[in-house]
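Below is one structure, written out as structure tokens; comments come after it.
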Amino acid sequence: MLSDLKRIIDQISRDRGFDKALLIEAIEEAVQSAARKKLGSRRDIEVRYNEEYGEVEIFQFRIVVEEALDEQTEIELNEAVKLDPEVQLGDELGEKMVDITDLGRIAAQSAKQVIIHKMKDAERIVIYDMFKDRVGEVVSGIVQRFERGNMIVNLGRTDAILPKDQQIPKRSFKQGDRIRAYLKDVRQTTRDSQLILSRTCDEFLEKLFNMEVPEMAEGIVRVMGVSREPGFRAKIAVSSSEGDVDPVGACVGMKGSRVQNVVQELQGERIDIVTWSPDPAKYVYNALAPAHVSMVRVDEDAKSLLVVVPNDQLSLAIGRQGQNVRLASRLLGWRIDVKSEQRYANLENEGYQSLIALNGVDEALADQMFAKGIVSTLALAEKNVDDLIVIRAIDEDFAQAMIEEAKANPFAAEERVDEEDKEIVEVEENDVSEIEEQVSPDSADAGDESEEDVIIVDEEKSKD
């Protein structure tokens with residue numbers, strides 16, 4: 001059985017990349033376990049691999065006594081003398097036992113299980129040592145099978161797992177397809193897969209561009225930020241260390257060849273390449289492309305940006321379901337609030353601000369009220385419920401509550417004072433002639449007194 005053991009050990013060590021000593025240790029441990037099961041668990045058994053002869057030898061050690069009470073641990077003197085004429089009482093005598101082929105089928109099966117277990121442990125160590133320094137690289141493999149949505153990918157020496165949540169949604173691979181993925185983690189575990197792959201992480205997109213753009217490999221063009229919604233859209237910000245190298249053009253390539261290779265690998269994911277800038281206002285201008293930006297207001301303390309775009313560019317700036325502005329916000333690491341020019345102008349209006357200050361009124365509802373001619377809380381206070389319920393988001397109870405709040409709102413009171421002041425000014429300017437006609441020439445003193453009273457009233461109202 002063991003005539004070819006040496007050749008088998010050499011071949012397995014070479015093919016699997018094992019240390020030969022680890023394999024020999026596994027065999028010795030397996031045979032020792034099998035021998036204990038066959039010959040008795042209390043025996044002091046030692047197993048050694050004889051590399052010269054390519055065989056495994058089993059030895060048992062027993063104490064020499066006058067009368068053996070336990071055959072597994074003791075041997076009588078007269079029997080011991082036959083093995084070693086110079087042996088004495090109390091000595092520990094080693095004896096070579098039967099060939100391992102005589103251990104039986106059950107013992108051989110047990111030895112096989114131990115060897116397999118040891119080989120798996122050794123292989124796990126080899127795989128860990130091989131891939132631990134490759135974390136963060138893009139690896140290539142063949143799709144082997146699918147297990148509960150997870151994809152098992154063969155990398156040559158071992159299998160890796162591409163979890164379901166790390167796969168690009170709505171993009172399918174078949175068994176036997178070649179696939180590239182980002183090596184996200186290497187685990188030293190006995191239960192789960194050791195190698196964890198990902199195709200959805202931001203780093204995967206960055207690595208693909210590094211592979212396609214020579215200027216990145218040379219360090220001229222650098223990736224400053226990446227944000228993705230895998231399978232749909234991505235943004236990547238790049239900069240150049242040399243003024244004569246356009247970072248965006250380098251990533252796009254001749255006739256778009258470089259970026260198209262990346263898009264094909266990501267199975268159609270749309271990629272926006274933008275120029276990085278240290279100025280947040282300029283950076284967000286680039287990041288929101290293709291939308292045109294009219295104005296940017298920067299709040300560095302809150303790390304937020306108010307971006308104003310033309311009215312017809314609002315939907316383009318926000319993107320489908322907010323995708324464009326969401327990706328830009330992740331790219332910058334700032335909060336981005338996008339407003340149309342019309343809404344921004346409304347926000348500067350005091351009447352519009354008074355409407356937003358009402359409970360339950362947001363900007364969208366304030367826009368609808370503005371469109372209906374309700375341009376302030378004063379105008380709202382003069383409306384009735386029927387005037388408001390024509391707006392879709394307002395029911396009778398909400399309309400009544402807004403009207404009552406508008407009447408009690410301090411903004412409305414201030415507006416009323418302003419309106420009264422305007423009326424007084426109009427009276428003073430337009431009706432001076434009427435006042436002069438009512439004052440007769442014979443009563444000049446009374447006219448002077450009346451004019452003085454008017455001035456006093458004006459001063460008191462001005463104070464008010």
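Say R0 is 56 Å: what FRET efficiency, to the nearest 0.05, do Q321 and E51 get from their beta-carbon distance? List each step's numbers first, then the result.
Details: r = 69 Å, r/R0 = 1.23.
Calculated transfer efficiency: 0.25.
Classify segment 30-96 as rounded, prolate or oblate, taking a ≥ b ≥ c as the square roots of the eigenvalues of its Cα gyration tensor: rounded when a/c is under 1.5, otherwise prolate if a/b is larger than b/c and oblate if not.
Note, shape of segment 30-96 comes out oblate.
With a ≥ b ≥ c taken as the square roots of the eigenvalues of the C-alpha gyration tensor of segment 277-348, please select rounded if a/c is under 1.5 and otherwise prolate if a/b is larger than b/c or oblate if it is not?
On the way: a/c = 1.64, a/b = 1.17, b/c = 1.40.
Oblate, because a/c is 1.5 or more while a/b does not exceed b/c.
Tell me, S172, S140, S227 in order of fewest to most beta-carbon neighbours within 10 Å?
On the way: S172 8, S140 11, S227 21.
Ranking S172, S140, S227 by Cβ neighbours within 10 Å, fewest first, gives S172, S140, S227.
For R43, what charge total do you get from the other residues with a beta carbon under 12 Å from its beta carbon, if Lys and Arg give +1 and Asp and Glu give -1? Please report the intermediate quantities before stating the final value.
Details: positive: R36, K37, K38, R42, R62; negative: D44, E46, D70, E71, E74, E95.
With Lys, Arg at +1 and Asp, Glu at -1, the net is -1.
Order of R180, R42 from fewest to most other C-beta atoms within 10 Å?
Numbers: R180 16, R42 11.
Placing the least packed residue first, the sequence is R42, R180.
Order by neighbour count: M295, M119, M216, fewest other Cβ atoms within 10 Å first, most last. Spell out each step's value before the answer.
Numbers: M295 13, M119 17, M216 20.
Taking fewest neighbouring Cβ atoms as first place, the list is M295, M119, M216.
Among the lysines, which fall within straight-line cross-link reach of K207, defined as a Cα-Cα distance under 30 Å, with same-chain neighbours fewer than 8 residues apart omitted?
K132, K164, K170, K174, K184, K235, K255, K282, K303
Would you list, by chain and number, the lysines whose Cα falls below 29 Å from the Cα of K6, excluding same-chain residues fewer than 8 positions away?
Output for K6: K20, K37, K38, K96, K112, K118, K120.
On the Cα set of segment 349-413, report Rg and Dmax in Å, please.
Every Cα atom of segment 349-413 included, Rg and Dmax give 10.1, 28 Å.
Every number in this text was worked out from the coordinates using simple rules, so none of it is lab data. On a predicted model such as this, the values are computed, not experimentally measured, just so you know. Using ideal geometry, Cβ is built from the backbone for each residue, glycine included, and neighbour counts are taken over all protein chains shown.
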